[in-house]
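What follows is calculated from the coordinates using simple rules that are stated; it is not laboratory data. Values in this document were obtained by computation on a predicted structure and should not be read as measured data. All Cβ positions, even for glycine, are placed from backbone atoms using ideal geometry, and neighbour counts span all protein chains on display.
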Amino acid sequence: MQDLLPELCDLYPAQVKLLDPIFQIYGAKKLFYGQVETVKCWQDNSRVKELLASSGEGRVLVVDGGGSTQRALMGDLIADSAYLQGWAGVVIYGAIRDVAAINTMELGVRALAACPMKTERKGAGDAGLELSVAGQTIRQGMYIYADENGVLLSEQALQLPEGFA
């Protein structure tokens, strides 16, 4: 495992923004990056499930769950769907469940915590919104870079240093 974020911070100090270091690391893929898709929901993962069941094309879903850790916005079945659909990762300002299973999947996952309680699916939530998460404003189309050093945000795709692909 290589440290990508320190390299990006050194190469692009004026172009990257650091998300507050509030996320736990889950999933077997510790380093991931991609273009941002956004969804905002409160204790209802209907839109999360819907989006992660669609073609990911290497993107990263950022979920604003309002910081709630009382209901899990993603479990192993939704995470497996995300992996199979080609999503690079998921950053959840909220909780996940089925941690042991998710930690075996080649999917990058950041979340505040684990919670065994599932959500009720009532079809609530909105995709494509501007989010305010972890001290940053995150818009669809931006880029997320994550490794064990944290999570970075950029307005545009960054040229990765040699040795990273």
If the requirement is being touching a Leu at 6+ places or on another chain (Cβ under 6 Å) and not basic (Lys, Arg), which of these qualifies: ALA165, ALA134?
ALA134
Testing LEU31 on (1) out of contact with any helix residue (DSSP H, G or I) (no Cβ under 7 Å at 6 or more places or on another chain); (2) within 17 Å of ALA165 (Cα to Cα), one condition comes back false. Which one is that?
(1)
Test set (1) under 23 Å from ILE22 (Cα atoms); (2) in contact (Cβ under 8 Å) with a residue 60 or more places away in the chain - GLN156 fails condition number
(1)
In segment 35-63, what count of residues is obtained for those that are part of a loop (DSSP other than H, G, I, E, B) and either charged (D, E, K, R) or more than 13 Å from the chain's Cα centre (by Cα) (or both)?
10
Of the residues in segment 43-68, those that are over 14 Å from GLN85 (Cβ atoms), in contact with a strand residue (DSSP E or B) (Cβ under 9 Å, 6 or more places away or on another chain) and not β-branched (Val, Ile, Thr) come to GLN43, ASN45, ARG47, ASP64, GLY65, GLY66, GLY67, SER68
